[in-house]
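Q: This is the structure I have questions about; it appears just below.
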Amino acid sequence: MAEVIIVKDPQQAAVLYATTVANALKNDPNLVLGLATGSTPVQAYRELAKIIQAENIDVSQVQGFALDEYAGLSEDHPESYHNVIQRTVTQVLNLTPELVHVPNGSMESIQTAGKDYDEAIECAGGIDIQILGIGTDGHIGFNEPGSSLSSGTRIKTLTQQTREDNARFFNSIDEVPTHCITQGIGTIMKARHVFLLAFGENKADAVVQTV
Ligand code: F6R
């Protein structure tokens, strides 16, 4: 069942996510979290970190699976999602680094990386709680509008709009990769619980269309 919850500000949304995940963690220390990058979930991760610390919740066995990664961008690049997830999630929540996974964007293995990633998620028992943002054009993960609803993790081309939106993280738009590897909508919809957060007027159209 899908539910639309309108809250006062991003802080309230962050608390909603954080309390849901914290309660789930208390019942299941082996929880599998689906993770997103971007600006939207940052506060939610911080809020969750506060509860984990305050209530001394054990997260050593928690597994994480990121939604996506740029293709052909070195994992060492500060804006690779390997690095972003490490900075904004693994370190903030104090997760076990070996248990946090990001799709492999290396061009050498890109043809098989998607299938391998979906298998790894299945092996972990599937994602319990997935957090999502949404692009101004309605993309989820890097699935642009029109993506197959049954798609698995695979290589995709980034649209001009998405590259322009993400240029703020690079020196110029020319540095923004043209391709990515992303969980498919089919992969995402297998998660047992999905939180899609959207803030600000520029996301309003995308939210209306998605609903
Ligand atoms: C992030 C992702 C994207 C973002 C979307 C919104 O892993 O897959 O779908 O959620 O681009 O980005 P922000 O939150 O920066 O507005």
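Q: Within segment 134-176, list the residues whose amide N lies under 17 Å from a label point set 7 Å along Cα→Cβ of residue 116.
A: 153-156
Q: Within the chain, what whole-number % of the accessible surface is contributed by carbon and sulfur, with the 1.4 Å probe and all protein chains included in the calculation?
A: Working: 5510 of 10810 Å².
That fraction is 51 percent.
Q: Taking the Cα centre as origin and putting +1 on Lys and Arg beta-carbons and -1 on Asp and Glu beta-carbons, what dipole magnitude results for the chain, to the nearest 20 debye? Walk me through the numbers before you get to the answer.
A: Working: 13 positive and 26 negative charges, 90 e Å.
The calculation lands at about 440 debye.
Q: If you stretched the chain out fully between residue 123 and residue 76, how much longer would it get, using 0.36 nm times the residue separation minus the C-alpha to C-alpha distance?
A: Details: separation 47, 0.36 × 47 = 16.92 nm, distance 2.70 nm.
Gain on extension, residue 123 to residue 76, equals 14.2 nm.
Q: What aspartates and glutamates sit close enough to residue 115 to cross-link, taking a C-alpha to C-alpha distance under 19 Å and skipping anything fewer than 8 places away on the same chain?
A: Straight-distance partners of residue 115: 68, 69.
Q: Let me ask you something else. Could you order peptides 195-201, 17-23 by the average number of other Cβ atoms within 10 Å of their residues, highest first? Don't skip to the end; give the middle numbers.
A: Values: 195-201: 15.7, 17-23: 17.7.
Final packing ranking: 17-23, 195-201.
Q: Rounded, prolate or oblate for segment 110-205? Axes are the square roots of the Cα gyration tensor eigenvalues, ordered a ≥ b ≥ c, and the cut-off for rounded is a/c under 1.5. Could the numbers behind the result be given before it?
A: Numbers: a/c = 2.13, a/b = 1.34, b/c = 1.59.
Taking the square roots of the gyration eigenvalues as a ≥ b ≥ c, segment 110-205 is oblate.
Q: So, one more: Quick one: of 26/156; 156/190; 8/156, which pairs are farther than 30 Å apart, Cα to Cα?
A: Numbers: 26/156 37 Å; 156/190 20 Å; 8/156 35 Å.
Listed pairs above 30 Å: 26/156; 8/156.
Q: Let me ask something additional. How much accessible area per residue does segment 63-157 have, counting only protein heavy atoms and a probe of 1.4 Å, in square angstrom? Don't skip to the answer; put the middle values down first.
A: Working: 4190 Å² over 95 residues.
Roughly 44 Å² per residue, with all protein chains present.
Q: Going through segment 33-103, which GluC sites (Glu not before Pro) have at most 11 other Cβ atoms within 10 Å and a DSSP loop state?
A: The qualifying sites are 55.
The values are calculated or read from the model by the stated rules, or taken from the named source; none is laboratory data. On a predicted model such as this, the values are computed, not experimentally measured, just so you know. Using ideal geometry, Cβ is built from the backbone for each residue, glycine included, and neighbour counts are taken over all protein chains shown. To get the accessible areas, we keep the full protein, side chains included, count just its heavy atoms, and leave off ligands, DNA and RNA. Shrake-Rupley method; radii C 1.70, N 1.55, O 1.52, S 1.80 Å.
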